[in-house]
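Working notes, structure below.
Throughout, read-outs are computed from the coordinates displayed, never taken from laboratory work. No experiment lies behind these values; they were computed from the predicted model shown. When we count neighbours, we look across all protein chains shown, and the Cβ atoms used for this are built from the backbone with ideal geometry, even at glycine.
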Amino acid sequence: MSSYRLDADGRLIVGSVGALGNGQIRTQWARRKVTRFFPRLESVRFDNFWHGTIAMTSDHLPKIVELGNNAYSIFGYSGRGIGPGTVFGKAAAEALLYDDPTCLPVTPKEHYREQMASFKSAFYQWEVNAVLGAENRF
């Protein structure tokens with residue numbers, strides 16, 4: 001899965017799923033993705049890279065946890081958070097502004113714990129590494 005968008009300064013942002021190994025692998029992967037969709041950008045210099053962990057849930061649905069008075073934690077977009085994150089963020093602002101949790105798209109929970117999170121994270125990273133290894137063989 002990949003995503004492309006322009007930021008406020010007109011820079012192309014390229015996104016993907018998973019930590020893509022070392023800097024060299026990330027650069028090669030991003031170059032292939034950009035060149036595939038935008039061949040004229042083949043020689044454009046990349047200024048920055050970053051990566052993080054995607055908050056996946058077993059049912060692939062976002063969760064809201066009420067952290068206390070006037071505080072929510074919203075997570076678990078499972079790699080698809082750009083649109084839903086905007087909707088959930090606006091709803092959370094309204095819920096807090098009007099002290100009305102019925103504004104939220106899902107009912108807040110007191111706590112949430114994903115089962116076997118460490119194992120799943122290691123497995124997903126193993127899959128990414130396996131795919132990258134296969135890509136680097138061709």
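So how far apart, in nm, are the two label points at Ser2 and Asp100 if each is 7 Å from Cα heading toward Cβ?
Distance between the two pseudo-spin positions: 4.4 nm.
Amide H to amide H, which residues 5 or more places from Ile64 or on other chains are under 5 Å from it, using H placed in the peptide plane?
Under 5 Å from the amide H of Ile64 lie the amide H atoms of Lys109, each far enough along the sequence or on another chain.
Suppose R0 equals 35 Å; then what is the FRET efficiency for Ser121 and Asn69 from their Cβ-Cβ distance, rounded to the nearest 0.05?
After rounding, the FRET efficiency stands at 0.65.
Which order do the peptides 111-123, 93-105, 53-65 come out in when sorted by mean C-beta neighbours inside 10 angstrom, highest first? Could the numbers behind the result be given before it?
Numbers: 111-123: 10.5, 93-105: 13.2, 53-65: 15.2.
For the peptides 111-123, 93-105, 53-65, the packing ranking is 53-65, 93-105, 111-123.
Return the loop-located chymotrypsin sites (Phe, Trp or Tyr not before Pro) in the range 29-88 (DSSP other than H, G, I, E, B) with at most 10 other Cβ atoms within 10 Å of their own Cβ; answer none if there are none.
Here the chymotrypsin sites (Phe, Trp or Tyr not before Pro) that fit, given the DSSP loop and packing criteria, are Trp50.
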